[in-house]
Every structure is written in structure tokens, then in C-alpha cells.
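The values are calculated or read from the model by the stated rules, or taken from the named source; none is laboratory data. As the structure is a computational prediction, the values presented were derived from the model and not from experiment. Here the Cβ positions follow ideal geometry from the backbone for every residue, glycine too, while neighbour counts run over all protein chains shown. Accessible surface is based on the protein model in full, side chains and every heavy atom, while ligands, DNA and RNA are left aside. Shrake-Rupley method; radii C 1.70, N 1.55, O 1.52, S 1.80 Å.
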Amino acid sequence: MYILSSHEIKQLAQELQASHEVYGPQVDPQTQQVFFDQLTDVAALNLEAPIPSMPVKEILFPQMERILKYRYDSEAQSVTMSKQYFEKPKVLFGLRPCDLSGILVLDRFFLGQEFVDDVYLAHRRQCLLISNTCLNPFPQCFCVCTHSGPDADEGFDLDLTKLQDGYLVKVGSEKGQALADAHQWQLASPAQLSEQKAVVDHCIDLFPEMATDNKAWISRVMNRITTGFVKQETWEYIGDQCLECGACSFVCPTCSCFNIEDTQTACGECERLRMRDSCSFEGYARMAGDHNPRQPVEDRRNKRFFCKLSYPQSKKYLRPGCVGCGRCQWVCPGDIGLPNVVQYIRREITGGQN
Amino acid sequence: MANCHGNHEHGNCKTTGLCPIVTFPEVVNIDEIRDEIPEVKTFYLSFTNKDVEREFRIKSGQFIMCTVFGAGEFAVSLPPSPENDRFHISVRAVGKVTNALHALKPGDKLGVRGPFGNGFPFEDIKGKNIIYVAGGIGLIPLRSSIVHALQHREDFGRIILLYGARSSQDLMYQPDIREWQQNAGFETFITIDRPEEGWTGEVGYVNQLIEKAKVPVDNSVAFVCGPPVMFNSVIGEFLKRGMSEDAIISTLERLMKCGIGKCQHCAVGRTLVCTDGPVYTYRQIKTLGEQI
């Protein structure tokens with residue numbers, strides 16, 4: 001473990017900018033909103049900003065992405081095609097542990113199954129992950145229940161924790177160690193190591209009681225969802241609340257459903273686009289000829305929660321599919337963010353007694 | 001990875017031993033187009049890259065993702081047998097992309113990714129009787145399996161086809177059917193829904209053929225493909241006769257976009273039709289908890 005001054009941290013970001021696209025949290029001066037975006041000037045990197053409103057998956061799995069370009073000449077009956085996804089070295093600087101866990105879920109899903117997703121792999125291949133211990137959760141956060149925060153314990157190349165005087169730096173990979181060796185960073189003292197623990201404990205204390213109280217309930221709810229014991233009327237209640245806006249899927253760090261469409265451009269070329277999709281949309285499973293095997297809204301709702309909180313899915317991701325960032329709760333107009341769904345199922349188990 | 005097309009650099013060949021075309025479509029030429037029945041055409045295809053063609057192997061029951069350039073991509077089952085059969089697809093014009101496909105002519109090009117999916121469990125059913133039950137264009141996904149079984153006739157007991165369509169005009173693969181009817185090792189029973197001038201064969205629904213064919217229940221597997229109404233009545237009939245739920249096999253149809261288990265559109269129950277299916281036993285289908 002090493003200790004770096006704030007100045008050295010900025011220097012590191014600056015230096016990485018020479019060879020990488022560097023992304024990090026920055027606060028919009030006009031709106032005060034936090035965005036995790038590419039840094040043109042490292043001075044804008046703000047490691048103490050609150051959680052960004054959008055997850056960082058945008059960088060590895062964009063909302064819309066061109067994956068193929070082709071031109072078909074029907075006269076000559078000839079086709080030319082070119083692959084459109086490229087590898088650019090990237091650094092994600094100052095990731096929240098919840099967002100880091102989100103990337104681990106996406107990694108295991110896109111890269112760790114029977115088939116590898118080439119497009120995601122191209123983004124991910126040369127990516128350096130620098131996580132940052134969370135100091136200020138927002139009220140909906142519950143990462144303490146899903147083992148994804150407030151500090152990171154796996155998956156990072158470097159991990160930072162803001163201490164009284166400087167940043168404690170943990171190394172998590174060979175890439176990270178190479179950076180540490182090249183710079184001959186100063187080793188941290190035992191006092192600084194225990195200070196890191198105190199910082200994490202302090203952050204846990206900031207969580208609302210409901211979030212920490214739900215910890216034991218998450219696994220009971222997972223059990224319930226996995227074994228199919230959630231009552232139909234509970235799913236229907238949840239389904240009735242859903243406005244099918246899809247916002248939960250778009251702000252979720254682990255939601256990865258996508259659609260693929262070919263579109264004609266003005267110059268006569270065609271592009272194959274892949275864009276994120278949401279399983280809560282009515283047309284999600286509709287086939288040509290209008291056959292839609294999954295119509296009832298509660299079917300679609302429980303699909304999403306099954307994906308986040310069931311053992312078969314968790315086995316794929318080697319952790320729950322939910323990382324506890326609370327963004328879904330924050331954006332949902334129907335009050336069925338994941339923490340609330342846990343609450344509804346919990347009420348069902350306790351017969352209305354919380 | 002001996003059979004990798006170089007389309008990607010990883011071990012996508014773990015389960016099949018063959019490397020499918022995963023992300024980037026390969027170009028195929030439309031060599032010939034045949035009208036099958038109203039709305040359905042068969043397209044005979046060949047890869048423009050002959051190296052890919054040599055390495056392209058399918059398993060009976062698998063599917064491909066087919067690109068109609070300018071219109072989009074759709075999933076389609078593979079009717080050819082895995083062995084020395086012309087590469088072709090049979091497609092009903094039912095949506096935007098398939099209508100665009102029907103407007104093409106020989107010489108036009110398509111894109112192909114795949115083959116994907118699990119395929120029929122031929123290894124497990126050696127020595128058994130096979131009963132094929134198809135309704136309408138449900139014969140398309142079964143054709144591959146039928147031709148394959150007939151090419152390995154000695155591996156199986158009785159092979160029976162029960163096939164029904166709305167009218168004689170709606171019977172798929174008529175040249176094949178004529179050939180199959182001549183085949184002494186193959187019992188074929190064909191029916192149409194309503195009487196028709198000049199039709200001397202059976203009239204009625206396909207489930208009524210089960211009695212007629214004296215379908216054996218022990219040591220048999222049934223491959224059933226067709227519209228949900230037919231599917232349900234045929235399954236009911238088989239179960240009534242004591243056939244095991246594991247011995248009834250079908251293929252599911254779902255919206256597919258990626259073919260490799262990532263986009264999730266084909267999620268049904270806890271499985272994905274593109275990688276866990278499209279071939280399921282009736283016992284599995286029953287536990288998926290969704291409409292067919």
C-alpha cells in the first residue's frame with residue numbers, strides 16, 4: 001500500500017492522459033450535477049464529488065453504438081462491410097465501488113460465458129480501473145447489503161481512499177503494480193492503514209438505517225425469488241406500479257440488454273447499431289407477426305428482479321446482479337426501485353410487519 | 001480452434017468444437033430461389049468465402065442469424081441436414097426484414113452469422129423410434145432432423161412423420177414429401193384440414209393421425225413443431241398415451257438479436273432460447289412458465 005498526495009494523484013491522471021482516454025467524475029459548474037465523463041483537463045477531476053447520476057457503463061457499453069457499416073449495391077449485387085468497434089486505451093479514474101462491481105458483473109456476463117461479446121471485449125481490453133472509496137453515499141444507496149461498497153475489494157488495478165493527508169493507494173493487479181514501481185510511490189504507514197478502515201466505517205455509519213437493516217433481508221428475498229415463492233399478487237402489485245419508462249434499466253450499472261437495428265444513412269451506407277434496451281418494455285419480446293409471448297407487465301417486471309436477485313443469475317456473475325447504487329430507486333416514478341421491491345417482498349414474508 | 005474463421009480471437013468453440021460466425025456476418029450468395037407455398041420461399045445459399053464454407057458445419061436443430069442488407073437481421077432455423085445437403089433456408093414473409101428478403105433475386109447477397117443453438121439430441125436417441133409431428137411451416141425446423149435420421153436409418157427403430165397443413169397448397173417441401181413417401185423405411189401420414197377436390201389423402205387435424213399411425217409410445221421420441229394450438233393438442237394426446245414428458249421434443253421461437261446469449265431478448269424462464277435452446281423437451285418447456 002502506498003500513500004500519494006492529492007497533487008501526485010492529479011499528476012498520475014495527467015500522465016495517463018498521454019497514452020489513454022482518461023475518464024473521471026467532474027461537477028458541472030452550472031448545474032452542479034456530477035458526470036463521469038472524459039477529462040479534457042485533469043483539473044476538472046473531482047474525486048470528492050457525490051455519486052454520478054449515470055453509471056460508468058456508458059463508457060464500456062454505450063447507450064447506442066455503431067458496430068458495423070456496410071454498403072449494398074443492388075445493381076452490382078456486391079457488398080462491402082467494415083467492423084466499427086475499435087480498441088482505445090482508457091482509464092476510468094475514481095470509480096465508485098458500486099460502479100466497479102457493476103463492471104465486474106458486465107465482465108463476467110459479456111466475457112465469462114460460453115460466448116464472448118467481441119464489441120464489449122474491444123472496449124474492455126485496454127481499460128485501467130482506478131476505484132475510489134465512497135465517502136458520501138446518497139440516501140437511496142444500499143451497497144452495504146450487496147457486498148459492493150463502500151470500499152472495493154476486487155477487480156481494480158488501483159484503489160484510492162482519501163485520508164487526512166493524501167490518498168491511500170491499494171494495488172490490485174500487475175498493471176497497477178507496474179505503475180507503482182515505475183513511480184516509486186511512498187509506502188503507507190500502519191497508522192494510515194488503520195485510518196483507511198476508520199474512513200470506511202465512518203461511511204457505513206452515514207447509511208440510513210433502512211439500508212443496513214435490509215442486509216439480512218436481501219438474501220431471504222433472493223431465496224424467495226429463486227424458489228418462485230413470491231406471490232403472484234405481489235408481482236402484480238409491483239407490475240401495476242410500473243410505468244414502463246425503462247429508466248431503471250438505463251441507470252443500472254449491471255443492466256445489459258440490448259437491441260440491434262440496421263439503419264440507412266443519408267449517404268446510402270447502412271449502419272448496424274446496438275442500443276440498450278429494457279426488459280420492462282412491452283415490445284421487448286414481440287416477434288414478427290405480432291406474437292408476443294410475454295405480455296403481462298408483472299411478467300416483465302419480475303424478469304428484471306429475477307436477473308438482479310436470484311441465485312442462478314448470481315452464479316453467472318459470482319455476486320448478486322444488484323450492486324446497491326440505488327439509482328433505480330432514485331429515478332423510478334412508480335416507486336419500485338430495487339430497495340422498495342425488497343421491502344414489498346419482505347412485507348409479504350412478515351405478513352405486513354416490517 | 002482448428003475450425004475458427006478468424007472472426008474473433010477467443011475460444012467460442014468450447015461446447016460444439018466448431019467455431020460459429022459470432023459478430024461479423026459472412027457474405028453468402030443467393031444461388032436459387034424456390035416458391036414453396038404461399039408466403040414461403042426457399043433460398044439456396046453459398047458462401048462467397050470458400051474457406052468459410054468448408055468450415056461451416058451445422059447441427060440439426062440449430063439456427064442462423066441472417067442479414068438482409070439494408071433491412072436488418074432475423075433468426076431462422078436450418079432445414080438442411082448436417083451432411084451433404086445444399087445450404088438453404090425457408091422463410092415466411094411476415095415482417096419488415098423477411099418481406100425485404102422475399103423481394104431479392106438470385107445473385108443478391110445476404111449476411112450469415114452462426115450456427116447457434118443446441119441442436120437435437122441425436123446421440124441420446126439411438127435405437128429409438130422417432131415420431132415427427134409437424135403442422136404447416138413447422139416442418140421447416142424438422143426437415144434437417146428428418147433427412148439426418150433417414151441418412152442414418154440403421155440407428156433408429158420406426159421413423160414416422162405425421163404432417164398436417166391447412167390445404168394441399170400449404171404443404172411444405174412437396175418434392176421431399178414425394179421422395180419420403182417412396183421410402184420404405186419411412187412411414188408418412190399427411191393430412192389437410194378440409195376436403196379438397198382432387199385430394200385423396202387424409203382430411204382432419206394432425207393429432208387424429210396419431211391413432212391412425214399406431215404410434216408406439218415405448219422407446220420412442222416425438223419431435224413436435226407447429227402452431228401452439230396443434231402443439232397443445234398433440235402433446236395432450238401423447239401424454240394420454242403414456243409418453244414421457246422427456247421424450248417429447250420441440251423447438252421454441254423467440255425474438256433474437258445477438259444469438260449468443262447477450263442481448264437477452266429470447267429469455268424464457270431461466271433459460272435463453274439462443275444458447276440453451278431452441279430445442280427443449282416438453283418437461284423443460286412446462287417449467288419455463290411462459291406461453292409457447
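Using a 10 Å cut-off around each Cβ of peptide A:110-121, what is the average number of partner chain Cβ atoms that fall inside? Intermediate values should be presented prior to the final figure.
On the way: counts 3, 1, 0, 5, 10, 17, 9, 8, 9, 3, 1, 4.
So the per-residue partner count for this stretch is 6.
Using the Karplus equation 6.51 cos²θ - 1.76 cosθ + 1.60 (θ = phi - 60°), what ³J(HN,Hα) coupling, rounded to whole Hz, does each residue of the range B:205-219 give in order, writing x for Gly and Pro?
8, 5, 5, 6, 6, 4, 5, 4, 7, 6, 5, x, 9, 6, 6
Any chance you could check the Cα centroid distance between the range B:143-172 and the range A:75-143 for me, in angstrom?
Here the answer is 47 Å between Cα centres.
Among DSSP beta bridges lying fully in the range A:123-236, give the percent that are antiparallel, nearest 5.
Of all bridge pairs located within the range A:123-236, approximately 65 percent are antiparallel.
Would you work out which of B:Thr251, B:Val268, B:Gly185 lies farthest towards the positive end of the dipole of the range B:180-292, given +1 charges on the beta-carbon of Lys and Arg and -1 on that of Asp and Glu, about the Cα centre?
B:Val268
Quick one: accessible area per residue over the range B:26-116, 1.4 Å probe, rounded to a whole number of Å²?
Heavy-atom SASA per residue in the range B:26-116 reads 36 Å².
Please state the relative contact order of the range B:26-116 as a whole percent: Cα pairs under 8 Å, 6+ residues apart?
Values: 178 pairs, mean separation 34.9, N = 91.
After rounding, I find 38 percent.
In the protein assembly as shown, what % of DSSP beta bridges are antiparallel (nearest 5)?
On the way: 68 of 102 bridges.
In the protein assembly as shown, approximately 65 percent of DSSP beta bridges are antiparallel ones.
Based solely on its DSSP helices, what 222 nm [θ] is calculated for the protein assembly as shown when runs of n ≥ 4 H residues each add -39,500 (n - 2.57) and the sum is averaged over all residues, nearest 500 deg cm²/dmol? Don't jump to the answer; show the numbers that get you there.
Details: 21 runs with 193 residues, N = 646.
Mean residue ellipticity, 222 nm, calculated: -8500 deg cm²/dmol.
Top mean-square fluctuation among B:Arg54, B:Arg194, B:Arg153, Gaussian network model of chain B, C-alpha springs under 10 Å?
B:Arg54
Is the C-alpha gyration tensor of the range B:140-246 telling us rounded, prolate or oblate? Criteria: a/c under 1.5 is rounded; beyond that, a/b larger than b/c is prolate, otherwise oblate.
It comes out oblate by the Cα gyration axes.
Sort A:319-331, B:260-272, B:277-289 for me by packing, meaning the mean count of neighbouring Cβ atoms within 10 Å per residue, highest on top.
Ranked from most to least packed, the peptides come out as A:319-331, B:260-272, B:277-289.
With unit charges on the beta carbons (Lys and Arg positive, Asp and Glu negative) and the dipole taken about the Cα centre of the range B:26-116, which residue among B:Val52, B:Ala93, B:Ile33 sits farthest to the positive side?
B:Ala93
Please name which of B:Ser81, A:Leu95, A:Leu45 has its Cα lying farthest along the dipole of the protein assembly as shown towards the positive end, using unit charges on Cβ (Lys, Arg +1; Asp, Glu -1) and the Cα centre as origin.
B:Ser81
Please report, in debye to the nearest 20, how large the charge dipole of chain B is about its Cα centre when each Lys and Arg carries +1 at its beta carbon and each Asp and Glu carries -1 there.
Rounded to the nearest 20 debye, it is 520 debye.
Could you tell me which of rounded, prolate or oblate describes chain A, using a ≥ b ≥ c as the square roots of the eigenvalues of the alpha-carbon gyration tensor, with rounded for a/c under 1.5 and, failing that, prolate when a/b is larger than b/c and oblate otherwise?
Working: a/c = 2.11, a/b = 1.11, b/c = 1.90.
It is oblate, given that a/c is not under 1.5 and a/b is not larger than b/c.
What dipole magnitude, in Debye to the nearest 20, does the protein assembly as shown give about its Cα centre under +1 on Lys/Arg Cβ and -1 on Asp/Glu Cβ?
So the magnitude is around 940 debye.
Considering only DSSP beta bridges whose two residues both sit in the range B:16-85, what percent are antiparallel, to the nearest 5? Could the numbers behind the result be given before it?
Values: 14 of 14 bridges.
Within the range B:16-85, antiparallel bridges account for around 100 percent of the total.
Using the heavy atoms of the protein chains alone and a 1.4 angstrom probe, what is the accessible area of chain A per residue in square angstrom?
Accessible area per residue, chain A: 43 Å².
For chain A, modelled as a GNM with alpha-carbon contacts under 10 angstrom, which of A:Gln196, A:Gln343, A:Gln264 fluctuates the most?
Judging by the Gaussian network model, the answer is A:Gln264.
How large a share of the accessible area of the protein assembly as shown, in percent, is made up of carbon and sulfur atoms when the probe is 1.4 Å and the other protein chains stay in place?
49
Can you pull out the buried accessible area for chains B and A, both sides counted, probe 1.4 Å, rounded to the nearest 100 Å²?
4000
How large is the dipole of the range B:53-179 about the Cα centre if only Lys and Arg carry +1 and Asp and Glu carry -1, each at its Cβ, rounded to the nearest 20 debye?
Rounded to the nearest 20 debye, it is 240 debye.
Tabulate in residue order the Karplus-calculated ³J(HN,Hα) for the range A:281-286, using 6.51 cos²θ - 1.76 cosθ + 1.60 with θ = phi - 60°, rounded to whole Hz; enter x for Gly and Pro.
Karplus-based 3J(HN,Hα) across the range A:281-286 equals 6, 5, x, 4, 10, 6 Hz.
Hey, got the average number of other protein chain Cβ atoms within 10 angstrom for residues in B:245-256?
Mean number of neighbouring Cβ atoms from other chains: 2.
Spelling out what I want: for every residue of the range A:71-81, take phi, set θ = phi - 60°, compute 6.51 cos²θ - 1.76 cosθ + 1.60 (Karplus), and round to whole Hz; glycine and proline get x.
Coupling constants for the range A:71-81: 10, 10, 9, 6, 5, 7, 6, 10, 9, 10, 10 Hz.
Counting only other chains, what is the mean number of Cβ atoms within 10 angstrom of the Cβ of each residue in peptide A:286-292? Numbers along the way, then the final one.
Numbers: counts 2, 10, 12, 5, 2, 7, 2.
Whole-number average of other-chain Cβ neighbours for A:286-292 is 6.
Based on alpha-carbon centroids, what's the gap between the range A:188-210 and the range B:59-103 in Å, whole number please?
The distance from the Cα centre of the range A:188-210 to that of the range B:59-103 comes to 58 Å.
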